[in-house]
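To start, the structure itself, in structure tokens.
Each reported figure results from applying straightforward, stated rules to the coordinates on display, with no laboratory input. Just so we're clear, the structure is a prediction, and the values are computed from it rather than from any experiment. Note: ideal-geometry Cβ built from the backbone for every residue, glycine included; neighbour counts use all protein chains shown.
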Protein chains: 2
Amino acid sequence: MQSLSELLQDLTRANKTKILLVVLDGLGGIPLPELNGQTELEAARTPNLDGLARRSSLGLTHPVLPGITPGSSAGHLALFGYEPLEWIIGRGVLEALGIGFSLQSQDVAVRGNFATVAYQNGSPVIIDRRAGRPATAETENICTCLQLAIRQINGVEIIIRPVKEHRFAVIFRGANLDARLSDTDPQKEGVAPLSVRSLAQAAESTAEIAAEFIRQAATVLIGEKKINYPLLRGFSQLPNLPSFANLYGLKAAAIAVYPMYRGLASLVGMKVLDCPGETIEAELTILKNHWSDFDYFFLHIKGTDSKGEDGDYQGKMAVLEDFDRQLPHILSLKPDVLVITGDHSTPARLKNHSWHPVPFLLHSPFVRCDHDVTGFHELACRQGSLGHFRAVHTMSLMLAHAGRLNKFSA
Amino acid sequence: MQSLSELLQDLTRANKTKILLVVLDGLGGIPLPELNGQTELEAARTPNLDGLARRSSLGLTHPVLPGITPGSSAGHLALFGYEPLEWIIGRGVLEALGIGFSLQSQDVAVRGNFATVAYQNGSPVIIDRRAGRPATAETENICTCLQLAIRQINGVEIIIRPVKEHRFAVIFRGANLDARLSDTDPQKEGVAPLSVRSLAQAAESTAEIAAEFIRQAATVLIGEKKINYPLLRGFSQLPNLPSFANLYGLKAAAIAVYPMYRGLASLVGMKVLDCPGETIEAELTILKNHWSDFDYFFLHIKGTDSKGEDGDYQGKMAVLEDFDRQLPHILSLKPDVLVITGDHSTPARLKNHSWHPVPFLLHSPFVRCDHDVTGFHELACRQGSLGHFRAVHTMSLMLAHAGRLNKFSA
């Protein structure tokens, strides 16, 4: 049986339509006692979205499967039409994307924690897996020192980059590298770090290089009291994702402020547009300026997720209301297909990603309008014309409404 | 790509929450002219369920797939998170579980029908596949006679047990048994019984033993006019189901009166609690007494299905109303996650299991409440926040709402 990607690739046809996917990150919520039992989206004053909802088809999506809480990469890959259970992006790659590092196809990336160890009979024992959560500036200094001391091992370039607090990334760059390596972080304290093991024969030389990196780094840091040992997990390489151009015949662009989402978009072959400002307004200016250059736009808005993770439901409402005020500018571009949804829910009450299905709005001249709904929110979407569906079908729905899919079979 | 079970096994984390699954067997119905076009659940007076529905999320489940009517084992396996299209429980095993027989892992079980044959030139021809549907007591007597005459064959113990009317079960117990054998019941009359064929080389010796059992039993019964031949079908062994403890990290208990459901629960590693009384009230006493001992409870209520199969819609309503009166006792235990659903529909109008989707209610502090519904019934569930989904996602939803699942991917 064909995969969904193969099916769409077979059916795709070109035309002049323009498709816009707006991802309000972490859009969905759950009822908050502080909001009289309403979700953030129900409580926010969003007259433009509510009006648009009555001229659109609504639904609810499962980013992965019912009950499963997705990470950001899984949520976005689904919206881009890639089966999230099949295409897994490793932690190391995601960390590198998150700091805007330009990974090459053969690079092996790994996420690092700086830890505190004590040496007993010459062997390290982990005292604190996060080295007391140092300030990011401290980690930046340590990474600079390490990078000066360690440039390459066995002909493989070693690139060390600080992330946030105790977190950093290491990128191994060279020939014949293989990421099938075990983690060294035992995920608990009072024990020794694990050694790197190769999980496939082809990864043995990479395992040796990683082990040597750890040895050299520990030696450089041996005099430090707090940040004195690297723990590594999530060795990974870029997945070989087929591109938007290849799968859908779309010339696609991404407008996103945060590096991780820019990185994800570049992985599927989107042109990632420069975005000097961080506001929704600034992003829309970029969208407008490039409107004639692409077939498909991915517009990412981070604020809804950030405020949700902070537990700031008023803040999340404010981002939604800000977006609502900007919506007429989007509509004035007259996209042939407009989807407004999220990559997952981030209820302010949970301060975290959640498994709850995500509100979904599809606007096009060819929808069945849910003209009887009160607006764009979870309770309305629950009964929308699109039903409840896996987010991986988003691309099919967008392409279909754009007239970009041929009939399947005879 | 991972299976759902593997995915959940990877994501599960432990905590102190308590999960309760109430299965009202055969819960769903279809409209009855006698009830003014209402289903049993719509017509029943269930104020407690209706109130709970407005503080819960509703949905409708497909036990297997739309349009597919499930047997009891498929319906329950789905609710327990096991893909029912993958994990098939053989008819012989199910028959043994149904009479409370304690199957061992190497046993081969088979379902038997007592038939009436006539001998033509010394060969049997089936006259009546069910031997005129004898009273159960007759079948019990015949089984006792057969068991006295046949104890073991080629070192394999033969255990013969009556079931109901013309039905019985045979369990073959010994080393190196293999259930890959063909049925001997041709499913029609006027023809000879089929011979047992081995469907795999490893099953050849078991085929010989089964054939010898049939020969000996026919010899014992040769003087009988009615019950004079055994027809066998559904040779099977226990499936090697991963346990609840292994998959979900749950210490699980089952409260069920009927042997088959007790058997199904034990197959997935639940502790099956002794249940001296047969009423819902008696089952709830057991639940209360063991509330502190387990993480997860499966509470099975049979009456809804029995009355549905009898075509007794008033009786099915009475069971629903009885359950509704007991509901406050369940709520007073304050389960962190409570699901009330069925394993399939058994509309009184059809007097049988059916394919209709099954009402589903999930109560937890973290649901989107369907506060606008009129109650707990098919029409309300159709528009619930959980949508329409396959019952195999029930475990994911319960674990998620219990805070027992980590985020998927990065």
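In nm to one decimal, list the spacings between the B:Ala218 label point and its equivalents in the other copies, with label points set 7 Å along Cα to Cβ, shortest first.
Copy-to-copy label distances for B:Ala218: 7.5 nm.
What is the order of A:Glu83, A:Glu281, fewest Cβ neighbours within 10 Å to most?
Ascending Cβ contact count within 10 Å gives the list A:Glu281, A:Glu83.
At a Förster distance of 41 Å, what's the computed FRET efficiency of B:Arg55 paired with A:Gln326, Cβ-Cβ distance as r, to 0.05? It would help to have the intermediate numbers written out before the result.
Working: r = 36 Å, r/R0 = 0.88.
That pair, B:Arg55 with A:Gln326, gives E of 0.70.
What residue among A:Leu103, A:Leu94, A:Leu20 shows peak mean-square fluctuation when chain A is described by a Gaussian network model with Cα springs under 10 Å?
A:Leu103
With point charges of +1 on the Cβ of Lys and Arg and -1 on the Cβ of Asp and Glu, referenced to the Cα centre of segment A:277-374, which listed residue (A:Gly277, A:Phe294, A:Met317) lies farthest in the positive direction of the dipole?
A:Met317
Hey, for B:Gln152 with labels 7 Å out along Cα-Cβ, what do the inter-copy distances come to in nm, ordered shortest first?
Label-point distances to the other copies, shortest first: 7.5 nm.
What do you get for Rg/Rh over segment A:126-207 if you use C-alpha atoms and the Kirkwood form of Rh?
Result for segment A:126-207 is an Rg/Rh of 1.00.
List the residue from chain A whose beta-carbon is nearest to the axis that rotates chain A onto chain B, together with that distance in whole Å.
So the closest residue, with its distance, comes out as A:Gln383, 3.
Going 7 Å from the Cα of B:Asn240 along its beta-carbon direction, which residues of segment B:70-109 have the amide nitrogen within less than 15 Å of the resulting point?
The answer is B:87-88, B:105-107.
Sorting B:Arg129, B:Arg215 on the 10 Å Cβ count, fewest up front, what's the list?
Arranged by neighbour count, lowest to highest, B:Arg129, B:Arg215 become B:Arg215, B:Arg129.
Relative to the other copies, what are the label-point distances for A:Asn289, with labels 7 Å from Cα along the C-beta vector, expressed in nm at one decimal and sorted shortest first?
Result, one decimal in nm: 7.5.
Across peptide B:360-369, how many C-beta atoms of other chains are within 10 Å of each residue C-beta, on average?
Partner-chain Cβ atoms within 10 Å, mean over residues of B:360-369: 3.
Averaged across the residues of A:65-78, what count of C-beta atoms belonging to other chains lies within 10 Å of each residue's C-beta?
That works out to 6 on average.
Quick check on chain B: what does the Kirkwood estimate of hydrodynamic radius come out to from the alpha carbon pairs, in Å? Numbers along the way, then the final one.
Values: mean 1/r = 0.0440 Å⁻¹.
Here the Kirkwood hydrodynamic radius works out to 22.8 Å.
Sorting B:Arg13, A:Arg91 on the 10 Å Cβ count, fewest up front, what's the list?
B:Arg13, A:Arg91
Check A:Ser56: other-chain or 5+ apart residues with amide H under 5 Å from its amide H, H built from backbone geometry?
Amide H neighbours of A:Ser56, under 5 Å, 5+ apart: A:Asp370.
May I have the extent of the alpha carbons of segment A:216-362 along their three principal axes, as whole Å values ordered from largest to smallest?
Computed over the Cα atoms, the extents are 62, 41, 31 Å.
Run the dipole for segment A:95-236 about the Cα centre, Lys and Arg Cβ at +1, Asp and Glu Cβ at -1, nothing else charged, and hand back the magnitude in debye, nearest 20. All intermediate terms of the calculation are to be shown ahead of the outcome.
On the way: 16 positive and 15 negative charges, 57 e Å.
Value, rounded to 20: 280 debye.
Please report the projected area of the protein assembly as shown's Cα convex hull averaged over all directions, in nm².
Numbers: hull surface 166.4 nm².
Computed as one quarter of the Cα hull surface, the answer is 41.6 nm².
Over the Cα atoms of segment B:95-236, each weighted equally, I'd like the Debye log10 I(q)/I(0) at q = 0.16, 0.19, 0.21 Å⁻¹, rounded to two decimals.
Treating every Cα as an identical point scatterer, log10 I(q)/I(0) equals -0.78, -1.12, -1.37.
Taking beta carbons within 10 Å but only from partner chains, what does the mean come to for residues B:401-409?
Going residue by residue through B:401-409 and averaging, the value is 6.
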